[in-house]
């Protein structure tokens, strides 16, 4: 049941990404040509950023396809974490792009270039419309069942939307005041916003690869809930980690009283973990009190 739900979300993510890919590609060509003609660094840097969006969408589609490949004897969990690796690469690629833009912007602050402010404003308005549509298409990323592939594209789109507003402001300042340094100055600000918006995605990807406790799980609360199950005396060797952004795993040992019905305790624990904490990959070992003879049971 869990696998089918995850598969349906993957298919939904894929459809959204295909639509965003088409829209983004068309706008990228428009922005690149306009930026070259207008001589705008802000517009050209935003166009390059759009190119990274195209790469991000393609990488997202690729990793979604890889992540749905079946498990094998060598990879018993399949290729679930391919999506995480793709999202990390997207985030790091954004950081490298920002560094490149900052170097170019600093040079233009020293040696201003003439910019066609009116053309920049027109293209920026189109960009705002395009990126608003793409943000709406990927807005499902706010849900916990959406994967990092879609969320990484969502961050790209949001940073592009912010960038389009920045380009509009740069074009307006140049057109109405003649301040040529507005274009590179706005580029520096856009780069800072891109770094800020992508930091959370990169950190989450690293946490998953390091098998950290999922953000939605309070480990102390989880332990207390397990101890509250009738017949449970102790919980130890408790570990919770992410397989992907959609799937979580747990392993634990629990000491139960001699009188407890271990089948009932096990069923109650599974029900609690699956319904309250959304953890479906479970390895639970029940043990009698160490002062008594016992035979461990596994789930």
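One table, with the values for the structure above:
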| quantity | calculated |
| --- | --- |
| Residue, farthest from residue 245 (Cα to Cα), within the range 274-289, restricted to residues that are in contact (Cβ under 8 Å) with a residue 24 or more places away in the chain and under 28 Å from the mean Cα position of the chain (by Cα) | 283 |
| Any pair with Cβ under 9 angstrom, 6 or more apart, that starts in the range 125-148 at a residue that is over 18 Å from residue 54 (Cβ atoms) and outside the structural domain of residue 204 (by TED's automatic domain parsing) and ends at one that is surrounded by 14 or more Cβ atoms within 10 Å (Cβ to Cβ) and modelled with pLDDT of 75 or more | none |
| Residue 204, sole failed condition from (1) at pLDDT 90 or above; (2) assigned to a helix (DSSP H, G or I) | (1) |
| Candidate set from the range 225-267 (those that are under 30 Å from residue 84 (Cβ atoms) and out of contact with any strand residue (DSSP E or B) (no Cβ under 9 Å at 6 or more places or on another chain)); member that is surrounded by the most Cβ atoms within 10 Å (Cβ to Cβ) | 245 |
| Selected residue [in a helix (DSSP H, G or I), modelled with pLDDT of 75 or more and out of contact with any helix residue (DSSP H, G or I) (no Cβ under 8 Å at 6 or more places or on another chain)] from 103, 93, 28 | 103 |
| Single residue of the range 239-273 satisfying the filter (part of a strand (DSSP E or B) and farther than 16 Å from residue 209 by Cβ) that is farthest from the chain's Cα centre (by Cα) | 256 |
| Exclusive hit being at pLDDT below 75, in contact with a helix residue (DSSP H, G or I) (Cβ under 8 Å, 6 or more places away or on another chain) and in a helix (DSSP H, G or I), set 3, 56 | 56 |
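The values are calculated or read from the model by the stated rules, or taken from the named source; none is laboratory data. No experiment lies behind these values; they were computed from the predicted model shown. Note: ideal-geometry Cβ built from the backbone for every residue, glycine included; neighbour counts use all protein chains shown.
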